[in-house]
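*Asks:* Got a structure for you, written out below as C-alpha cells; questions coming shortly.
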Amino acid sequence: MSAVTDYIAHLQSYEEYAFSWEELTTCCDTPESTLRKDLIRLRKRGEILNLRKGFYLILPPRYRGLGKLPLQLFVDKLFHFLDKPYYVALYSAAGLHGASHQQVQQDYVMTTSPALPDINKQRFTIRFFKLTHWPQKNIQQRKSDAGLFNVSSPALTAMDLIYHQTKLGGLNRMFANLEELAEEITVQDIADLLSWYPHKSAIQRFGYLLEELHGENESTEFIFQFLAQDRFYPVLLSAATEQRPGSTGNRWKVDENLELESDL
C-alpha cells in the first residue's frame, strides 16, 4: 500500500471524505514527488477527485460509480479549507427540507465575496452564489455521516429562491418547491428572517406567494404587519422582465405579471 492509500484508509475509518494537500503532506513522511504520483494514480482509478487545487474528495466504492459525493459529506470541510462562511442553499437546501420536486443535477452553496468560480467536474457541478448581507439568523446545522454542516432554514431557502429567481429558471420552475417548503416554514422562522433581511421587494413577493399557496394565516399576517410599519411600493412578481409594475389589486402591491403554475 502507498502512503496516500494508507492515509485515505485512516480517514475513512472515521467517516472523513475529503483532505487537503497540506493535511496529506503534514501526515505522511513521504517525498512530495511520490505523493503526487500516488494522487495521480488514485485519480485515474476513480478513487479520489481533485475538486479544487489542493483539495481532494475520497470516493468510496458506493459512490465511485456516480463519480461524485453528496454535498453534505464534504461541504463543511471544503469551506474550512477555503476559510469562508457558507450554507447549503436554494434547491439543495429545499431538498434537505423535503421539497425535492425539482430534481437538479447540481448543488448550490451560498457564501461571501469574492465570488468563487463554479465547479464542473464531469457529473459533478456546484454553483456558488455570493451574498453582500450575511444572514444573522436562519442558518441551521444538520448532521451527516461526516459531521455537521450548515443549511438555510425553510424560510431563508424560500426567500433565496424568490430573490434569485432569474438565475434559477424563473418562479414557475420553483413554484412546486415553494409549495412544499411552505409546509415547513414556521412563524418563528419568519420572525428571525425579518429581523435582518434587507430586500423589501423579495419580502413582498414572499408574503404574496405564501398567501397564494395557503391563504391568509398567521404567517402571512405577520409578514404583512412587518411591511405595514413603513411605506412599500409596487413590485413585479416575476423579475425577469424590465417592465414597470402597474396597479396590483392585492395588499402586497405585487403586480401579477406571471401566471403561476404548479404541477404538484
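Every number here is computed from the coordinates shown, using simple stated rules; none is lab data. Predicted model, so just to flag it, every value in this text is computed and none were measured. In this analysis, Cβ positions are derived from the backbone assuming ideal geometry, glycine residues included, and neighbour counts consider all displayed protein chains.
*Asks:* Using helices alone, what [θ] at 222 nm do you get for the chain, with -39,500 (n - 2.57) per DSSP H run of 4 or more residues, divided over all residues and rounded to the nearest 500?
*Replies:* Details: 11 runs with 104 residues, N = 264.
Computed ellipticity for the chain at 222 nm equals -11500 deg cm²/dmol.
*Asks:* A 23 angstrom limit on the alpha carbon distance is what I want to check against. Which of 53/121; 143/167; 37/84; 167/200; 44/143 exceed it?
*Replies:* Details: 53/121 13 Å; 143/167 29 Å; 37/84 30 Å; 167/200 19 Å; 44/143 31 Å.
Listed pairs above 23 Å: 143/167; 37/84; 44/143.
*Asks:* Let me ask another. With +1 on each Lys and Arg Cβ and -1 on each Asp and Glu Cβ, and nothing else charged, work out how big the dipole of segment 49-197 is about its Cα centre, in Debye to the nearest 20.
*Replies:* On the way: 16 positive and 12 negative charges, 172 e Å.
Computed charge dipole of segment 49-197: roughly 820 debye.
*Asks:* Just to confirm a number: summing +1 for Lys and Arg and -1 for Asp and Glu over residues other than residue 168 whose beta-carbon lies under 10 angstrom from that of residue 168, what do you get? All intermediate terms of the calculation are to be shown ahead of the outcome.
*Replies:* Working: positive: 127, 167, 173; negative: 160.
Charge balance in the 10 Å sphere: +2.
*Asks:* Sticking with this one: Which whole-Hz ³J(HN,Hα) couplings does segment 118-129 yield from phi under the Karplus relation 6.51 cos²θ - 1.76 cosθ + 1.60, θ = phi - 60°, glycine and proline marked x?
*Replies:* Residue by residue, segment 118-129 yields 4, 9, 10, 10, 6, 8, 10, 10, 10, 9, 9, 10 Hz.
*Asks:* Let me have the relative contact order for segment 71-255, percent, based on Cα pairs under 8 Å that are six or more residues apart. Let's see the in-between values first.
*Replies:* Values: 265 pairs, mean separation 33.9, N = 185.
Relative CO of segment 71-255 lands at 18 percent.
*Asks:* Around residue 108, with a cut-off of 14 angstrom between Cβ atoms, what is the net charge of the other residues, counting Lys and Arg +1 and Asp and Glu -1? Before the final figure, lay out each step's value.
*Replies:* On the way: positive: 127, 130, 167, 173; negative: 107, 118, 160.
Here the count lands on +1.
*Asks:* When Rg is the radius of gyration of the Cα atoms in segment 3-64 and Rh is its Kirkwood radius, what does Rg/Rh come to? The partial results should precede the final answer.
*Replies:* Working: Rg = 10.6 Å, Rh = 11.6 Å.
That ratio equals 0.92.
*Asks:* I would also like to ask the following. When averaged across all projection directions, what area in nm² does the alpha-carbon convex hull of the chain cover?
*Replies:* Numbers: hull surface 62.6 nm².
The Cα convex hull of the chain, projected and averaged over all directions, gives 15.7 nm².
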